[in-house]
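The values are calculated or read from the model by the stated rules, or taken from the named source; none is laboratory data. Remember, it's a predicted structure, so these values are computed and weren't measured experimentally. Every residue, glycine among them, receives a Cβ derived from its backbone with ideal geometry; neighbour counts consider all protein chains shown. Keep in mind that these areas ignore ligands, DNA and RNA; they rest on the heavy atoms of the full protein, side chains included. Shrake-Rupley method; radii C 1.70, N 1.55, O 1.52, S 1.80 Å.
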Amino acid sequence: MTELLPARLFAPLALSAVAALALLVWVLKNGDLCPGQRRRIGDGAISVWAVFGLALMLGVEAGVPASLLWLGGATLAVGLGTVLYQARMQGKRSLGVSWHYPALVLALLYAALVGWRMGPGWALLAAGAGGCVFAHLIMVRAKHRLQAFNVLLPLVGSAFGVLWLLALAVRAAGIDEAALESLVLPFVQVSAAVLIGALVWFLPLLRKEQTKPPVIAVAALLIIGALTLGQGMLWHMAGNIS
């Protein structure tokens, strides 16, 4: 099982990173941000590129096509270049949001190719769940003041996670009973990871407390874990459709 882990992690991590980048760029373009928040969120994009780079390395281990690796490498170089260039600026100064567009366009193209290999519907659900929680983590670490996102991102991200879970259940209904038995435990694990992750994510709201990075980090680990386990289930079911 461990030798399949890079392949299972590759798509969820890559899609989560790209979706988070898209959300952050949208916030930088449309959010009512002070210069300090804008700079911190822009600097936080380094976390996106770190995860994207990790996904690329997993892609090498997973044996993805060379063309995908070259595109990913170019995307990573452009994205890191933008963040590092901003890091040289003094004080609260930051680059205009248009500086992030070239990397975003390449990243979206990369995500589209990954999604075509994974399946568009599954890719959209994975990107929605993983991207929302990852973007929320970066924004909370940047000490953002857009309080509506502390409600919207958990709501939307959890909804995508639950839809991922329901889609797996519907897909499993199409296989024979013998194959279905081997999927019971993974499905229980995916269900637990999604539901506990959503609960942890909503915990600050339920307790009317300030959202803190460690809480969102735990939720992110659980959501990404659910996507990874679900990827393994999809592969198993692809070979056992009745």
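Give the cross-link partners of Lys92 among the lysines, using a straight C-alpha distance below 16 Å as the criterion and excluding same-chain residues fewer than 8 apart.
List returned: Lys143.
Would you list the P(r) distribution for the range 126-194, with all Cα-Cα distances sorted into 5 Å bins from 0 and each bin expressed as a whole %?
Using 5 Å bins, I get a P(r) of 3, 16, 21, 18, 13, 10, 8, 5, 4, 2, 0 for the range 126-194.
Could you give the nm distance between label points at Leu108 and Ala173, where each point is 7 Å from its Cα heading toward the beta carbon?
If labels sit at Leu108 and Ala173, their model points lie 3.4 nm apart.
Over the chain, what is the mean sequence separation of C-alpha contacts under 8 Å (at least six apart), divided by residue count, expressed as relative contact order in percent?
On the way: 292 pairs, mean separation 61.9, N = 242.
Relative contact order comes out at 26 percent.
Give me the accessible area of His236, 1.4 Å probe, in Å² rounded to the nearest 10.
Number for this one is 70 Å².
Size of the dipole of the chain about the Cα centre, Lys and Arg at +1 and Asp and Glu at -1 on the beta carbon, nothing else charged, in debye to 20?
Values: 16 positive and 8 negative charges, 271 e Å.
Rounded to the nearest 20 debye, it is 1300 debye.
What residue among Leu163, Phe10, Leu24 has its Cα farthest toward the positive end of the dipole of the chain, where the charges are +1 on Lys, Arg and -1 on Asp, Glu, each on the Cβ?
Of the listed residues, the answer is Leu24.
I need the P(r) histogram for the chain: all alpha carbon pairs, bin width 5 Å from 0 out to the longest distance, whole percents.
For the chain, the pair-distance distribution reads 1, 7, 14, 18, 18, 16, 12, 8, 4, 2, 1, 0, 0.
At a Förster distance of 30 Å, what's the computed FRET efficiency of Arg93 paired with Ala50, Cβ-Cβ distance as r, to 0.05? Display every interim value, and only then the final one.
Details: r = 23 Å, r/R0 = 0.77.
Between Arg93 and Ala50 the formula returns 0.85.
Along the charge dipole of the chain, pointing to its positive end and built from +1/-1 on Cβ of Lys, Arg, Asp and Glu, which listed residue (Ile41, Gly73, Ala220) has its Cα farthest out?
Ranked along the dipole, the leading option is Ile41.
Among Trp70, Trp26, Trp164, what's the order by accessible area (1.4 angstrom probe), most exposed first? Can you show the working numbers first?
Values: Trp70 200, Trp26 140, Trp164 0 Å².
Highest to lowest solvent-accessible surface, that is Trp70, Trp26, Trp164.
Among Leu95, Val200, Gly115, which residue has its Cα furthest toward the positive end of the charge dipole of the chain, with +1 on Lys/Arg Cβ and -1 on Asp/Glu Cβ?
Going by the Cα projections, it comes out as Leu95.
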